[in-house]
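All of the numbers you see were taken from the coordinates with simple rules; none came from a lab. Everything numeric in this text was worked out from a predicted model, so none of it was measured. We place every Cβ from the backbone using ideal geometry, glycine too, and count neighbours over all the protein chains shown.
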Amino acid sequence: MSLNYLVIRLAQILPTFFLIMVIVFVLVHLLPGDPTSALLGIRATDEAVNRINEQLGLNRPIPVQFLFFLRNFFQGDLGDSIVLKVSVTSLIISRLPVTLFLTAFAAILAVLLAVPMAMLAALRRDSAVDGAIRTGFQIGLSMPVFYIGIVLLTFFAARLRWFPVGGFGTTFGEDLYHLFLPALTLAFSLSAVLMRNLRNGIIEVLNAEYVDFARAKGLRNRLVLGRHVLRNALIATVALFGLNIGTLLGGAVITESVFAIPGVGRLMIDSIYGRDYPVIQGLTLTLAILVSLVFLVTDLVQAFLDPRIARR
Amino acid sequence: MTAAALPPGILGQRRIRRMGRGRKSLYIGIAIMLVMLVCAFFPEFVAPYDPLAFDYNAIMHPPSLAHPFGTDNFGRDVLSRVIWATRIDMQIAIFCTLFPLFFGTLVGAIVGYRSGWLEAVFGRLVDLTITFPFLVIVIAIVAVLGPGLLNMYIAVSAVGWVFYAQLMRADVQVQRQSEYVAAAKVLGYGEARIIFRHLLPNAITPIIVYWMTDMALDILLGSSLGYLGLGAQPPTAEWGVIIADGKNFMSTAWWISVFPGIAIVLAGVGFSLVGDGIADIFRRRR
């Protein structure tokens, strides 16, 4: 991977950040549904509305508001939560690690599920095993995250008592234990997407001439599969994996609600119920920036796996 | 052994077997869709009870002949609620995709045909849209507009059209190079005629297939928002809402949540099978 590519890719991310901020700002400030009256209810007095508008800076012209928004963002200030009365930045900083832990855990589980299953399905193409794996994953794709969560929760936590019903631990081991069911819930649909893509990728690569050549060289089967087939089939899957991180974060919002995990997803839902606009705005912004950073990393990993990508 | 290394006879047999299975799953998909459509259009004839009627003599009864899916904590018949919910969830599938389907296809066709600066602007728009986790941006829009089905449709439509446009643009860009477009240009046809009469019908297949998948995804999304209290509002019977209703009774009355969940899975599988089947048929034609 050349330094050039790295620099170009890093430079591309700045306009994206700027546009993300424009969209989030427009979302909260220009859509019908005024935060102040939503906050105070329809029977609010004019003074009360004016006071809140003053406090949130909502009485200034829109472009000025946007400049303030930009300035505050670069100072790490996302405003204060209306309900919890603390700064949004500190709220997000305290809750984000939980969500990141959950998503990373889920991503690892999804890969651990998808890769061997895809290998098995591709190598035994059109067999009963392939059929069973594909049917299983098709059902997994059609199941909403919250439903998988409720079923796993009832069966493995409430009935069998193998896992805690919810919450989050204090040590790393406890975290793993507490978050296993939620992570599995979240991993399910991602692993289905990855499995399908990887299976087709492996089948395609198996037909490539360099695989025939590797076999003709007399390489052992495991070496051919690991070094030649899987590595090449994984390139497209890595891109798909990156693209699906957003979906995974969206799923985390639901999973955290089902399992009562104190992450940013649950914070988002709570803020919607409480009409806590600064928090919703801050969270949307943070998650979008996070996803664009993941895209950056995905591109770099892809360029590492397949150097031709960087030269394009 | 790879397919390429097999003698042609075996390969032929294999292809026939695969084709047979493709057709079979398409028929299963169509059957599921038909059942769903009957439930959505005529719930009053299919459902044995009123989905909203309380019956204090039949609270949380397990599945029986009188109530095949049992009853909930208000004595409402779960089967009837699941059947009536089909109407709402099919509505979600249609209303969430109608605007994206038409608007996205139109924009994609124009951008793909014209290219130039339009394409550059559109490219940035696509990059930006995929940066926002779909569920998060939809939830954020619903949060600002207020919970409810109508606002959910608005939120999903506002974001969803980009994916149709992206797909259509890619296809039109390929088709633009083909001979029939060159022939149409030589004949002196206008841009609009080339786009709508020639390019669109030839590039529409992936869009139809994606539409099926998208409807399945929107049912998942709609029920998720219903579950979170941001979509359909209780006491409306919607699959996600019913699951949320029964969630607290999962260990004592599993039937309240389990059956609507199965309905969601069935709907998803049905749409996917039909989508895959259509894709298969068109692939074979080419």
Which ordering of A:Ser189, B:Ser223 is given by a fewest-first count of other beta-carbon atoms within 10 Å?
A:Ser189, B:Ser223
Rounded to the nearest Å, the spacing of the alpha-carbon centers of the stretch A:213-252 and the stretch B:223-276 is 35 Å
Choice from B:Thr97, B:Thr131, B:Thr71 showing the highest fluctuation, given a GNM over chain B with Cα pairs closer than 10 Å
B:Thr131
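In deg cm²/dmol and to the nearest 500, what is the mean residue ellipticity at 222 nm of chain B if only DSSP H runs of at least 4 residues count, each as -39500 (n - 2.57), divided by the residue total?
That comes out to -23000 deg cm²/dmol.
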0 to 90° range, to nearest 10: angle between helix A:128-141 axis and chain A longest Cα axis:
10 degrees
So how tilted is helix B:8-41 from the main axis of chain B? Cα-based, degrees 0 to 90, rounded to 10.
50 degrees
What is the stretch A:153-257 by shape, rounded, prolate or oblate, if you read a ≥ b ≥ c off the alpha carbon gyration tensor as root eigenvalues and call it rounded for a/c under 1.5, prolate for a/b larger than b/c, and oblate otherwise?
prolate
For the stretch B:95-216, just say rounded, prolate or oblate: build the C-alpha gyration tensor, square-root its eigenvalues into a ≥ b ≥ c, call rounded for a/c under 1.5, and beyond that prolate if a/b exceeds b/c, oblate if not.
prolate
I'd like the distance separating the alpha-carbon centroids of the stretch B:40-98 and the stretch A:253-295, in whole Å.
33 Å
On average, how many beta carbons from a partner chain sit within 10 Å of the beta carbon of a residue in B:49-56?
0
Relative contact order computed over the stretch B:95-216 (Cα-Cα under 8 Å; 6+ residues apart), in percent:
41 percent
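If you count, for each residue, the other Cβ atoms within 10 Å and average over each peptide, how do A:151-160, B:52-61 line up from highest to lowest? Intermediate values should be presented prior to the final figure.
Working: A:151-160: 15.9, B:52-61: 13.6.
Descending packing order for the listed peptides: A:151-160, B:52-61.
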Of the residues A:Phe74, A:Phe17, A:Phe163, which exhibits the maximal mean-square fluctuation in a Gaussian network model of chain A defined by a 10 Å Cα contact cut-off?
A:Phe74
Using a/c under 1.5 as the rounded threshold, could you call the protein assembly as shown rounded, prolate or oblate? The axes a ≥ b ≥ c are square roots of the C-alpha gyration tensor eigenvalues, and prolate needs a/b larger than b/c, oblate otherwise.
rounded
Average partner coverage of B:142-150, which counts Cβ from other chains inside 10 Å
5
Shielding of A:289-299 by other chains, given as the mean Cβ count within 10 Å, works out to 2
